[in-house]
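As structure tokens, the structure follows; a few thoughts come after it.
The values are calculated or read from the model by the stated rules, or taken from the named source; none is laboratory data. Since the model is a prediction, treat every value here as computed from it, not as a measurement. With ideal geometry, Cβ positions are generated from the backbone for all residues, glycine too; neighbour counts draw on all protein chains shown.
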Amino acid sequence: MAVVELWETLKHAIEAYTGLSPAAFFTAVAVAAALYHVVSGLFAPPPPPPPRSREPEPEPLPPPVQLGEVTEEELKQYDGSDPKKPLLMAIKGQIYDVTQSRLFYGPGGPYALFAGKDASRALAKMSFEPQDLTGDISGLGPFELDALQDWEYKFMSKYVKVGTIKKTVPVEDNTASTSPAINEATPAANETTGETEAENVPATEEKPKAAVTKEVEEKEAPADKETAADEAVKES
């Protein structure tokens, strides 16, 4: 009974204060609540992002190691294939440590072909051809030389110089060219020497013979005198 009386009282109050039937009143309340939920959702701040897992910090790069003077063949072992070794490349004979730019010059990078080499010609021409991966810059035009100079300034300001490339000067073998002349001159000299010795040998041999003959004659002369004296005594 109490519930029925309360409902009747509520119905009369709704009709008296709103002029609406109870069904219309509750419908309006439901629509208003739905509109409020939609509008508040449009202006509500976005939910906070989920917490990200902390990425491990990269290990600090080791300090550059000064190599001094190395050959181009020795420089090839610093092309990034061994992660324990520094990543090096050279411009105009000057070697720079580019380990901090491993994403560009390391394996799989866009400039990986330049690592471990003197890529002066390739940088000047912006070429990736194997024949241009050399330090020979002969025959380059003024624009290419200017581009190479810009690359060198960039490397000098960004990377540490750790050495230079040892220049090998080819030594010409003059032995082969001089040997025939020496060999040709030697027989002639030997022939001349042989003739001189041939001329001198008889002269040196004749002197001892003459001296021996004279000594023999001197020794025989007294013997002949003694023989003659004995014969004279017997005759007398």
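Quick look at the values:
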{"quantity": "Boolean, P86 is assigned to a loop (DSSP other than H, G, I, E, B), surrounded by 12 or more Cβ atoms within 10 Å (Cβ to Cβ) and under 54 Å from the mean Cα position of the chain (by Cα)", "calculated": "yes"}
{"quantity": "Members of the range 112-123 that are surrounded by fewer than 22 Cβ atoms within 10 Å (Cβ to Cβ) and under 20 Å from D146 (Cα atoms)", "calculated": "R121"}
{"quantity": "Within the range 111-153, tally of residues that are assigned to a loop (DSSP other than H, G, I, E, B) and in contact with a Phe, Trp or Tyr (Cβ under 6 Å, 6 or more places away or on another chain)", "calculated": "3"}
{"quantity": "Single unsatisfied condition, S101 versus (1) surrounded by 10 or more Cβ atoms within 10 Å (Cβ to Cβ); (2) at pLDDT below 85; (3) assigned to a helix (DSSP H, G or I)", "calculated": "(2)"}
{"quantity": "Selection count, the range 80-109, where residues are under 18 Å from A124 (Cα atoms) and out of contact with any strand residue (DSSP E or B) (no Cβ under 8 Å at 6 or more places or on another chain)", "calculated": "1"}
{"quantity": "Test for E73: is it surrounded by fewer than 18 Cβ atoms within 10 Å (Cβ to Cβ), in contact (Cβ under 8 Å) with a residue 60 or more places away in the chain and either not polar (S, T, N, Q) or not in a loop (DSSP other than H, G, I, E, B) (or both)", "calculated": "no"}
